[in-house]
Every structure is written in C-alpha cells, then in structure tokens.
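What follows is a short report on a single structure.
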Amino acid sequence: MIEATPPGLILIVGSFISVLLPARIRNVFMLLLPIMGIWQLTQLTHGLHVQIELFDQTLTLLRVDKLSLVFGYIFFIAAELSIIYAWHIKDLVQQVAGLAYAGAAIGAVFAGDLVSLFVFWELTAITSVFLIWAVRTDRSLKIGLRYLLIQVGSGVLLLTGALVLRHETNSIAFEHIGIESLGGILIFIAFGIKAAFPLLHNWLQDSYPEATVTGTVFLSAFTTKLAIYALARGYAGTEILIWIGAVMTAFPIFFAVIENNLRRVLTYSLNNQLGFMVVGIGIGTELALNGAASHAFAHILYKALLFMSMGAVLFRTGTINGSELGGLYKSMPWTTGLCIIGAASISGFPLFSGFVTKSMILTAAAEEGYWMAWAVLLFASAGVFHHSGIKIPFFAFFAHDQGHRVREAPINMLVAMGLAAALCIAIGVYPEPLYALLPYPVNYVPYTTAHVVTMLQLLAFAALAFAVLMRTGLYPPELRSTNLDTDWFYRHLAPKLVRSFVQCLSELGDELARWGQMGVGFILGRAFQYHGPGSWLARTWPIGGSALCVLILLGGYLIVYFI
C-alpha cells in the first residue's frame, strides 16, 4: 500500500489534518510528516509505475527512478528544515500553505504524465501565493496577484502544450519532449517561466523578497527547482539551454551588486545558480546531468541557509536593507557564522557543497568543447562569490555599524540553520552519499589539484576586486533605491501605454460622437428646410405642376431602364 501512494500526498493530506490539531500538537505532527516521506522513499522500488485510467487516458501518478528520487529526497529535507525554522509561528495559513506547497512540488516530481504534472504544477502556484499574502498588506496582495497570474499562466501553457502534444503524438507521457514540435515549445516556455529564464525572471525578484520571513525559505526551495527537474526530464541535451543558462548566470550579477535589499540580492543569486543547472541540462551528458541534479540538491540547502540567516536578521531588526544594517556580528554571532558557511558553500569554496557540484558542470562544459559557455560560468562563479559570498555577510553583519543591538535568532531558527550548515559541510567533505543518489554512475573526482587551485585563485581574485573597489570608493554604495529591471516594461511602461491608448480611444470616440451629432443636426436641418411647415415641399402645388413632376420621374425611370 505504501508503494502505491504518491509521496507528495503525505504532506498535502497532512496539511489538511493539521488544521484540526491544537497548535502544540500541530507543530510536532508537521515535523513528523517529512520524516515519514523520506522513509517512504527508501521503500520505493526503482522502475515502479502506479497508473490509473481516467477518461480513456492512462495517468501515471507515481513514477520512480533515480532522477525523481534525488529531487524527492531534497524536497523532503527542505520541508523539514523549513518547518523547524518556522516552529515559532502560530499562523495557520502559513503552516498549511507551506506543507501543501512542498507536497505539491514532490507530487510533481513523481508524476509520470503531463496531466498529473499539470495538476501538481498549478497546486504549487495556488498554495505558495499564500506565503506572500500572509504578510497581510496591500503591497503583498498586489505582489501575490502578479505572482499568481504568472504561475497560473505557466500552468495554462503547460496544459495547452500537453493537449497539442497529445494530438501530435497520441501520448501524454512525461518523458523527453524536445522543441521540435509546437507542443514541445509551449511546454518549454511553461518550464522556462518557472525556471526564471531571462526576460521571464522578474516574478522571482518581485515576489520572494516580499514573502513572510519563513515563507521565503519555503519559496526558495521548491518552485524553481521543480522547473529544473522538469527541464532535466523533458529537455536534456537541448542545446539552446546552454546559452540560456549562460545568460542566466551572468546578468543577475550586475543587478545584485547594486541592489540594497539583501533578500532581493539572494533572489538574483538564485537566478544565477539556476543558470548553472540549466547549462548542465543543455549539455545533456551523464556528467552534466549529474552536475545539474547534484547542484540543485546542494543549492536548495545553502540557499535556504542564506535566506534563513537574512530572515533572522529581518525578524530581529525589522529591516533587510544593506544601508540600514551592519555590526550585527556583535549581537547575532551564531547567525553570522552560519551565514558565512552558506556564503562559502554558494561560492564554491573547497570542503563546502558548492565546490563538489558546480565543478561537475564546469568540467562537463570543458569536456564537450563549450569553451565560451565555460568562460561565462567561470566569470559567474567569481560574481556569485562577490555578491553572495562577500556582500551578504559583509553588509548585514560587519559594515558600517548602525547600532542595532538585538537578541540572537530564536533557537528553532538556529537549529534549522545549523542543520543546513552541517549538510553543506558534510556534502563538501564527503560527497559520495550524494553522488550515489544521482541519475547516472559517477566517475568524477572533485578534489584534484587543478580544480582546487583554479577555484582558490578565482575566489582570491574576486575577493581582491571587492577589497580594491571598497578601498577606492568605486563599489556602489548601499542606498535606498529601486533597481529598474525588465519588469519595468510590463509593470510601468505597458500600463502607461495601455492608459494612453484607452485615452486616445476615448478622445477619438468623443470626436466621432461630436461629428455624429453635427451630421445628425445637419441632416435634420436640411430635412426641416425642405420638409418643414414653411418649406417649398410642404406648399400646395397646382395639379399641372404635380403632373409635370410625375412625368419627369417617369421619363427618368424609362431612360435608366432602357440604358
């Protein structure tokens, strides 16, 4: 029975049961659910398919292989860490939404057909938006609506693509799809929206930093990584992904450097790291796909750790702007240390998780001869150390002390951050257990002299560049400001253009109405002139004149008829 149950249902059903429980029991119950889920994954048999027949279609609610299992494990781990981190909150909306959201993402990972994938895909959108609305402000309401519109739109594209693909291939199986057909292109765009492809990425920076302190941790783990899983499943080896991913790794660096909101800096960093995974999927070799899956696994942990540390800062100080922080290492030393571990992990320092996963993608790019993409990834590696490895801990905890003297983060937050940090170090020191979970056999050795020396040189160069820019005053200062990203076109320019167009239509309508009134007045005036009481047509005509008019009309008719 346990093997026939989609793992995501454990959290989805558990979220509804938790509503009925008292607060103290609810927390313990929620804590046990991901543990049950991980135990279930250990009982699943590779190659297992659980199918049902619905409307003459075969739906695969559970498909088990190594790709789905590696994402299933990390999603359950992320759910457990997020629940611990949010232990102190009593907001039932956040608790239920967070559990159901994680369960929907896990359900999607194990879905074996596009219709089942669509159901869970949309459920992630509907449940996750409540983590933004839970802030309960007008601003969060508007941001949540924008987020929901984009996420649901992604699902509509997915369903449309599935229907087109069903017509083209007579199948809805979620296997390799490719972009050779219209259905494949529509699904590719749907996945690209959730993966925050360039020009489709702004929902990420718009929504994640505006969620609740604990909600952002949930959000950072599931939506975009679900898209990475979907791309790995459906579009492995699609070469255009290499160049899309390369752009994704590079452009967020420039926005992150000038961004003041540190949680928004982390969303740009998240975008950057997704690019590495997309490049790996685009290369499509076993090493590259292993690199993409392992980097997604490691990224969920260290990105959650960084969002947790910034959430703790926001929780204690009430602000997350770099211009208003600094000197917090005196008040929050544990949070400072754990944040630095996350920063070292995302930067790819040896003995931390990012080093043993990111280098697989770089090696795969070099082995397949994608040297331009390799160079961009190398530049992006230095950039992420610059804005996430240095900027985040520096401006939050060390720079220009603003006098915040606050308590250390709550114990449950520290426990969650400590567990995430321990996993980041464990994977970096001993990556073999992670490698054993990957889709293909791993014959990769991360700790070679060339890898270690190259990465240390890169990190040293990035640190030196930061130090020089700070000492010379060339580094962009942390100021209260708003960065203009490409969302400016549809959030500001497009509404203005629409308003101008509507105003022009209104003015045109008014002008046409005025001309219409003038035309009607002219016609009525002429009619009154010729048919009014004093007009010549209203006069009494003699019989001879009438006969003459009739004769003229008859003659004209005859002429026209014979011509």
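The values are calculated or read from the model by the stated rules, or taken from the named source; none is laboratory data. These numbers were taken from a predicted model, which means no experiment stands behind them. For neighbour counting, all protein chains shown are included, and Cβ atoms are generated from backbone atoms with ideal geometry for every residue, glycine included.
Picking from residues in region 288-320 that are more than 22 Å from the chain's Cα centre (by Cα) and outside any helix (DSSP H, G or I), the one that is surrounded by the fewest Cβ atoms within 10 Å (Cβ to Cβ) is Gly318. Taken together, Thr238, Thr212, Thr224 contain a single residue that is crowded, with 24+ Cβ neighbours inside 10 Å, touching a residue at least 60 places away in the same chain (Cβ under 8 Å) and more than 25 Å from Phe394 (Cβ to Cβ), which is Thr212.
Among the residues of region 179-186, not a single one is of a type outside the set (Asp, Glu) and crowded, with 24+ Cβ neighbours inside 10 Å. Taking region 93-142 as the range and being β-branched (Val, Ile, Thr) and either within 16 Å of Lys225 (Cα to Cα) or assigned to a helix (DSSP H, G or I) (or both) as the test, the residues that pass are Val93, Val96, Ile106, Val109, Val115, Val119, Thr124, Ile126, Thr127, Ile132. Of everything in region 402-461 that is β-branched (Val, Ile, Thr) and within 28 Å of the chain's Cα centre (by Cα), the residue that is nearest to Met360 (Cα to Cα) is Ile427.
Condition first: farther than 23 Å from Ala162 by Cα and surrounded by fewer than 18 Cβ atoms within 10 Å (Cβ to Cβ). Now tell me which residues in region 49-70 satisfy that. Result: Lys66, single match.
Please enumerate the residues belonging to region 117-142 that are under 17 Å from the mean Cα position of the chain (by Cα) and hydroxyl-bearing (Ser, Thr, Tyr). Answer for region 117-142, where residues must be under 17 Å from the mean Cα position of the chain (by Cα) and hydroxyl-bearing (Ser, Thr, Tyr): Thr124, Thr127, Ser128, Ser140. Among the residues of region 281-306, those that are touching a helix residue (DSSP H, G or I) at 6+ places or on another chain (Cβ under 8 Å), farther than 16 Å from Ala344 by Cβ and not small (Gly, Ala, Ser) comprise Ile281, Ile283, Thr285, Leu287, Leu289, Asn290, Phe297, Ile300. Ser347 meets all of the listed conditions (1) buried (at least 20 other Cβ atoms within 10 Å of the Cβ); (2) farther than 27 Å from Gly311 by Cβ; (3) among the polar types (S, T, N, Q) but one, namely (2).
For region 210-230, the condition of being in the same structural domain as Leu301 (by TED's automatic domain parsing) and over 30 Å from Gly318 (Cβ atoms) holds for none of the residues.
Scanning region 14-36 for residues that are touching a Gly at 6+ places or on another chain (Cβ under 8 Å) and touching a residue at least 40 places away in the same chain (Cβ under 8 Å), we see that the one that is nearest to Val96 (Cα to Cα) is Ser15. Here the condition is being over 20 Å from Ala105 (Cα atoms) and either of a type in the set (Lys, Arg) or assigned to a helix (DSSP H, G or I) (or both); of Ile179, Ile189, Ile150, Ile185, it holds for Ile185 alone. Checking each residue of region 13-36 against the condition of being crowded, with 18+ Cβ neighbours inside 10 Å, farther than 21 Å from Ala211 by Cα and β-branched (Val, Ile, Thr) gives no match. When the residues of region 192-220 are filtered to those that are closer than 21 Å to Arg233 by Cβ and in a helix (DSSP H, G or I), the one that is farthest from the chain's Cα centre (by Cα) is Gly192. Going by what's in this entry, would Val109 be described as buried (at least 21 other Cβ atoms within 10 Å of the Cβ), aliphatic (A, V, I, L, M), in contact with a helix residue (DSSP H, G or I) (Cβ under 9 Å, 6 or more places away or on another chain) and without any contact (Cβ under 8 Å) to a residue 60 or more places away in the chain? The answer is no for Val109. A residue that is out of contact with any strand residue (DSSP E or B) (no Cβ under 8 Å at 6 or more places or on another chain), part of a helix (DSSP H, G or I), of a type in the set (D, E, K, R) and surrounded by fewer than 24 Cβ atoms within 10 Å (Cβ to Cβ) cannot be found anywhere in region 253-263. Selection of helices (runs of 4 or more DSSP H) fully inside region 361-451 by the criterion of at least 2 residues being hydrophobic (A, V, I, L, M, F, W, C) and over 30 Å from Thr42 (Cβ atoms) returns 371-384. Residues considered: Leu41, Leu69. Of these, the only one that is in a helix (DSSP H, G or I), within 25 Å of Ala236 (Cα to Cα), in the same structural domain as Gly14 (by TED's automatic domain parsing) and free of Cβ contacts under 8 Å to residues at least 60 places away in the same chain is Leu41. Of all the criteria given as (1) at pLDDT below 95; (2) under 17 Å from Glu210 (Cα atoms); (3) surrounded by 24 or more Cβ atoms within 10 Å (Cβ to Cβ), the one not satisfied by Asn272 is (2). With respect to (1) closer than 30 Å to Trp87 by Cα; (2) hydrophobic (A, V, I, L, M, F, W, C); (3) over 14 Å from the mean Cα position of the chain (by Cα), the lone exception for Leu226 is condition (3). Picking from residues in region 78-96 that are modelled with pLDDT of 95 or more and within 20 Å of the chain's Cα centre (by Cα), the one that is nearest to Asn412 (Cα to Cα) is Ser82.
Kindly indicate the residue of region 159-189 that is β-branched (Val, Ile, Thr) and within 22 Å of Leu62 (Cβ to Cβ) and also modelled with the lowest pLDDT among those meeting that condition. Looking at residues that are β-branched (Val, Ile, Thr) and within 22 Å of Leu62 (Cβ to Cβ), I get Ile172.
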